[in-house]
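What follows is a set of notes on a single structure, which appears directly below.
Derivation of every value follows stated rules applied to the coordinates shown; laboratory data play no part. The shown structure was predicted, so the numbers you read here are calculated from the model rather than taken from an experiment. Every residue, glycine among them, receives a Cβ derived from its backbone with ideal geometry; neighbour counts consider all protein chains shown.
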Amino acid sequence: MALTRNVYQILEDIVGPENISEEPVILDSYAFLWLAETVTDSKFFTRPEAVVMPGSTEEVQAIVRACNRYGVKYKALSTGWGPWNAPGDEGVVQVDLRKMNRILEIDEKNMYAVVEPYVIFSQLQVEAMKRGLTCHIIGAGANTSPLASCTSMSGMGLSGISMSYNARNPLAVEWILPTGDILRLGSLGCGAGWFCGDGPGLSLRGIMRGTHGAMGGLGIFTKCAVKLYPWPGPRQMHFEGVSPGHVAAIPQNFRCYVLSFPSWDSFADAAYKIGEAEIGYVMGKQIAAGIVPLMAARSPTEYAQIRESGMADEIMQEFRYALQLILGAHSLREIEYQERALQEILAETGGWIPSPTQDPERQKTTFRMMIKVDGNSAIFRLSGSFGTSFGAETSCDAAMVHARLGEEIKKKYIEKGVIADDGAEWAWGAEMNEHGRFAHIEELFMYDPADPESAKGAAEFIEETSLLTAKQAPGLAIWELARGGLGPKAHDIYGPACSNYHVWQRRIKKAFDPNFSADATFYIEPEE
Amino acid sequence: MSEKEELIAIVGAEYVFDDPENLESYSRDMSFVRAMKPQYVVKPQNAEDVQGIVKWANNSGMPLIPVSSGPPRFRGDTIPTLGGAVVDLSQMKRIIRINRRNRVAMVEPGLTFGELQPELEKEGLRLPMPLAPRSSKSVIGSLLEREPTIIPKYQWDISDPLLCTEVVFGTGDLFRTGEAAGPGTIEDQWASGQAQTNPMGPFQVDFFRLIQGAQGTMGIVTWASVRCELLPQAHKLLLVPSDRLEGLIDFAYRLLRARLGDELLLLNSFNLAALLGEDADQIRSLREGLPPWILIIGIAGYERLPQERIEYQEKDIMDIAQQFGVEPVSAVPGTSAREVSKALSKPSGEPYWKLRFKGGCHDIFFLTTLDRTPEFIGAMYQMAEATGYPSTDIGIYLQPQMQGRACHCEFNLACDPNNPKEVDRVRTLFTSSSENLIKLGAFYSRPYGPWADMAYRRDAESAIASRKVKGIFDPNNVMNPGKLCF
């Protein structure tokens, strides 16, 4: 369903001819997305009818109003990857926000930055570090958008232990509602500044997002104040070597460890204790058993050879229950205290520091990767793609249940030969957000997107794990994966098991988007 | 059946009241909000009672005014605007669970800080408190009102320490917010290791944020899980006196950046005197001796190397203090850190500390940033002078929030409620300064009484959006009508 010439012309008048396109080759580039084949049996998700690139709040508002007036749906995109960033239906205009890429303000004293949608974490982190601050970078990497993470997506990342989860990191927000009206949340709406996103009275942040965002299903966000966090490191990080093998010097007031434990139970005990001691700066489970030989292999063939030879088995076992931890302190006294506390915790939980990780050069690599969150491309190396599952924000003990269930279910798919054999263990996360107040574990897996059987196996794995989290009580799955795995009825599957939340969410969609103009595919369909 | 009989059928005759004395006691509080009597006061015992009452209100059209804290009340939010039935939750006092491993407690709305803290202490926990709350203050009431607590480092989000809730929406539907929503019963969730520690969701809506700050206009909370912290094994308080607020502000920012200290708040001499003094004479005398401004910093050691933690923090604080030209001490003229620590560690004794000077008190509070507070304080002094209110009698409390990203700025105007002339003067000052402060950029995030009009007049789009939310969760407008923008 192509756009009518009239509508196309109106959109062109808003953004200018150089910022609109309906060329198939351009449009397909928006539909070619990671994980698409687990949702659509194709490497492509839905192709938009046109793409527009607004440069300002006013242009975004005009686009949204025009779409409402002419019955056209729209879907916003900033840096995102994954099918939830693309239209889910025919006849949708993709609103690509890449021209809105400015850091508008950094309030150093009050520790926040005001950003536009296409600012990326890496850009923000560099500017923040100049002021002794940094930002919580999500697991998806430093190449993604803080605004999207805070307003529209999820927000988990390994710095969560000292920098929270991004659903909890927005302050005031400028939001083009689905109807085109501008809502300014919190203190901004009253003209008082960007320092608070809640009130007056009830907090409309509750409508904006939950554990996960509306993923474009409830309007477009044009500015967001994002919390920044203290960075006691150098104002500019210095690197040695060539990417991706570059390393960062570890400052005197930081430490970087890999900690191994004999079981999930002792892993959890240590995570709780570290949280309680308030000593972690970045912490999580980044290196899984399966990833250890991957780091040594230069190709999938070599990975398979290493696995088959058994030479990695012992070391894989050593990293099976491993945490990566960065301690960061504001003084040398503090770092000494933190080290002593950590030693006590290791002694109490039977934890140890694996000898290969005590190499200072390796520590520098780990430090760089965990501070910059810039090593994610490696995950595609083995099989061409990866998927994930589970991922509730919940207690650490419940997250361990996810890890165990993930291993159990994954074994079946490995045995079927549809996903890569990673030793049936790739639990990622365990951030212990906010010094241990809630945790997060995903079970990652690798599949071959070029192999239809493997892609089908990946889709089935996501579906099975999503259904499990709807039926049992270990905590909910990551929404976008569950939606991808279970299809348009996902909310209607989960809702009856969860206080019928879907009924209320549907009413919210109807009240705030009466014309259903914002693409609802990854939010909630208007009807059951 | 009459209305009263219907209510009795829901909760029992012993929990429905319509005698003049009872109705009168809920008709007014210490604020300037116009008094109005409810028709009934009803005291539910459990969530089922609450649900029955809300369904009854939808059928009868009777407004409901939820109340969880006992008197004296101060904000006008529990005064009926259109009459109706007060739903007094004070008898729902159960502590449902305390979970040490996840540092969380689940409690009912009638439970006060004074009742919860000793139980938490048995488990090695504590709940961060507002500044010496009155003894009758409900924990859930305080958290639903987004009252600031005195330990800013534990406030990651402004909603903390509120976590999950069970709520009866205005429609009469029972709902659980956050991870408590499901799947599974709460007991099922406990069995799988969950502890209702994630307030968000389920999935794409933060339902709890629509209840919090809503002044009872969306529904009635029947329990909530709350985020607790480790009970310090060792604790030390430092007082940093200064003639100039600005110097203390810069120092406070530096401490917040370095994540030093637990309790961290600023009081002027009047408020510290009010907190410590037992009566007006003692308060006057204390105020004269105290330094004009005091930054209060608590340092705590928990279960892990407690003394060592205090030691490094104290040394770091002293080093920074030297850079900023201020001196943390254990005593200032008129009081000691030990005395202040005692006052901060528990709910206020009787009478409530804000009432000890004159028997009444009117608070003006809003959110801003810490660096802007001197501007508001200067303006407040000018307005006090213009109305003839002694600026030395203004209590000032500055509470950094969200780890220092915002600041609760509070002015306390003591007032003799039996002196009509003084009441008039304070009313004039309260009204005019509230309006002037918002013009200067004060954000009434918790807009009680006349502040609601002021805030929503400046933010029409929030009012429109909030009304849409109201239409979803309380379409018949039975929940505390007349409050906020409803």
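Neighbour counts of other C-beta atoms within 10 Å: give me B:Asp459, A:Asp28 arranged from fewest to most.
Ordered by Cβ neighbours within 10 Å, fewest first: A:Asp28, B:Asp459.
Where in region B:268-303 is the amide nitrogen less than 18 Å from a point lying 7 Å along the Cα-to-Cβ axis of B:Ser336?
B:273, B:276-278, B:286, B:290-291, B:297-299
About the Cα centre of region B:122-263, what is the dipole size in debye to 20, counting +1 per Lys and Arg Cβ and -1 per Asp and Glu Cβ, all else neutral?
That gives region B:122-263 a dipole magnitude of about 420 debye.
Tell me, rounded to the nearest percent, the portion of alpha carbon pairs in region A:103-230 spaced more than 23 Å apart.
23
Along Cα→Cβ, 7 Å out, is where each label goes; now give me the distance between the ones at B:Asp424 and A:Ala249 in nm to one decimal.
Result for the modelled spin labels: 7.3 nm.
Provide the packing ranking of B:200-211, B:55-66, i.e. peptides ordered by the mean count of other C-beta atoms within 10 Å per residue, highest first.
B:200-211, B:55-66
Just from its helices, what would the mean residue ellipticity at 222 nm be for chain A, if runs of 4 or more DSSP H residues each count -39500 (n - 2.57) and the sum is divided by every residue, rounded to the nearest 500 deg cm²/dmol?
Result for chain A: -11000 deg cm²/dmol, rounded to the nearest 500.
How large is ³J(HN,Hα) for each residue in region B:262-275, as worked out from phi by the Karplus curve 6.51 cos²θ - 1.76 cosθ + 1.60 (θ = phi - 60°), to whole Hz, x for Gly and Pro?
The phi angles translate into 9, 4, 7, 7, 10, 10, 8, 4, 5, 5, 5, 5, 5, 5 Hz.
Compute the acute angle (0 to 90°) between the alpha-carbon long axis of helix A:57-70 and the principal axis of greatest extent of the alpha-carbon atoms of chain A; round to the nearest 10°.
The answer is roughly 60 degrees.
Which ordering of B:Thr171, B:Thr112 is given by a fewest-first count of other beta-carbon atoms within 10 Å?
B:Thr171, B:Thr112
For chain B, with only Lys/Arg (+1) and Asp/Glu (-1) charged at the beta-carbon, what is the dipole magnitude about the Cα centre, in debye rounded to 20?
Using only the charged Cβ atoms, the result is roughly 600 debye.
On a 0 to 90 degree scale, rounded to 10, what angle separates helix B:420-440 from the longest Cα axis of chain B?
The answer is roughly 80 degrees.
I need the shape label for region B:95-230. Rule: rounded when a/c is under 1.5, else prolate if a/b > b/c, else oblate, with a, b, c from the alpha carbon gyration tensor.
Oblate is the answer for region B:95-230, as a/c is 1.5 or above yet b/c matches or exceeds a/b.
Using 7 Å Cα-to-Cβ label points, what is the A:Gln358/A:Arg102 separation (nm, one decimal)?
Here the answer is 5.3 nm between the modelled labels.
I need the shape label for region B:234-440. Rule: rounded when a/c is under 1.5, else prolate if a/b > b/c, else oblate, with a, b, c from the alpha carbon gyration tensor.
Verdict is prolate for region B:234-440.
Considering every residue in A:337-350, what mean count of other chain Cβ atoms within 10 Å of its Cβ is obtained?
Mean shielding by partner chains, rounded to a whole number: 2.
Taking amide H positions as placed in the peptide plane 1.01 Å from N, state which residues far from B:Thr112 in sequence (5 or more) or on other chains have amide H under 5 Å from it.
Distant-sequence amide H within range of B:Thr112: B:Val139.
How far, in nm, would the chain grow between A:Thr301 and A:Asp28 when pulled straight, counting 0.36 nm per residue and subtracting the alpha carbon separation?
Taking A:Thr301 through A:Asp28 to full extension adds about 95.1 nm, to one decimal.
In whole angstrom, note down how far apart the Cα centers of region A:384-446 and region B:152-190 are.
So the separation of the two Cα centres works out to 25 Å.
Run the numbers on region B:334-425 and let me know its relative contact order in percent, using alpha-carbon pairs under 8 Å that are six or more apart.
35
Please give the FRET efficiency for A:Ser42 paired with A:Lys471, using the beta carbon to beta carbon distance and R0 = 25 Å, rounded to the nearest 0.05.
After rounding to 0.05, the efficiency reads 0.30.
Go through region B:331-348 residue by residue and turn each phi into a ³J(HN,Hα) via Karplus (6.51, -1.76, 1.60, θ = phi - 60°); whole Hz please, and just put x for glycine and proline.
In residue order, the calculated couplings are 7, 10, x, x, 7, 10, 4, 4, 5, 5, 4, 4, 5, 7, 8, 8, x, 4 Hz.
From Cα pairs below 8 angstrom and at least 6 apart in sequence, can you work out the relative contact order of region A:400-440, rounded to a whole percent?
The value is 29 percent.
Pairs of alpha-carbon atoms within less than 8 angstrom and 6+ residues apart define the contacts here; what relative contact order does region A:105-217 have, in percent?
Taking the mean separation of contacting Cα pairs over the length of region A:105-217, I get 20 percent.
Ranking A:Glu23, A:Glu318 by Cβ neighbours within 10 Å, fewest first, what do you get?
A:Glu23, A:Glu318
Can you give me the distance in nm between label points at B:Glu435 and A:Lys489, each placed 7 Å from the Cα along the Cα-to-Cβ direction?
Taking the simple label geometry, B:Glu435 and A:Lys489 are separated by 6.0 nm.
To test your reading of the geometry: what angle, between 0 and 90 degrees and rounded to tens, separates the Cα axis of helix A:501-512 from the longest principal axis of chain A?
Value to nearest ten degrees: 40.
Going by Cα centres, region A:263-328 and region B:384-417 are how many Å apart?
53
With charges only on Cβ, +1 for K and R and -1 for D and E, what is the dipole size of region A:103-230 about its Cα centre, in debye, rounded to 20?
Dipole about the Cα centre, nearest 20: 220 debye.
R0 = 22 Å: FRET efficiency of B:Glu5 with B:Leu82, Cβ-based, nearest 0.05?
My answer for the efficiency is 0.50.
How would you rank A:291-304, A:467-480, B:29-42, highest first, on the average number of other Cβ atoms within 10 Å across their residues?
Highest mean packing first, the order is A:467-480, B:29-42, A:291-304.
Going by a ≥ b ≥ c, the root eigenvalues of the Cα gyration tensor, does region A:358-419 fall in the rounded group (a/c under 1.5), the prolate group (a/b larger than b/c) or the oblate group?
Oblate, because a/c is 1.5 or more while a/b does not exceed b/c.
Calculate the length of the line joining the C-alpha centroid of region A:29-45 to that of region A:125-171, in whole Å.
Distance between centres, Cα-based: 26 Å.
Taking R0 as 45 Å, what FRET efficiency do you get between B:Glu288 and B:Asn476 from their Cβ-Cβ distance, rounded to the nearest 0.05?
After rounding to 0.05, the efficiency reads 0.20.
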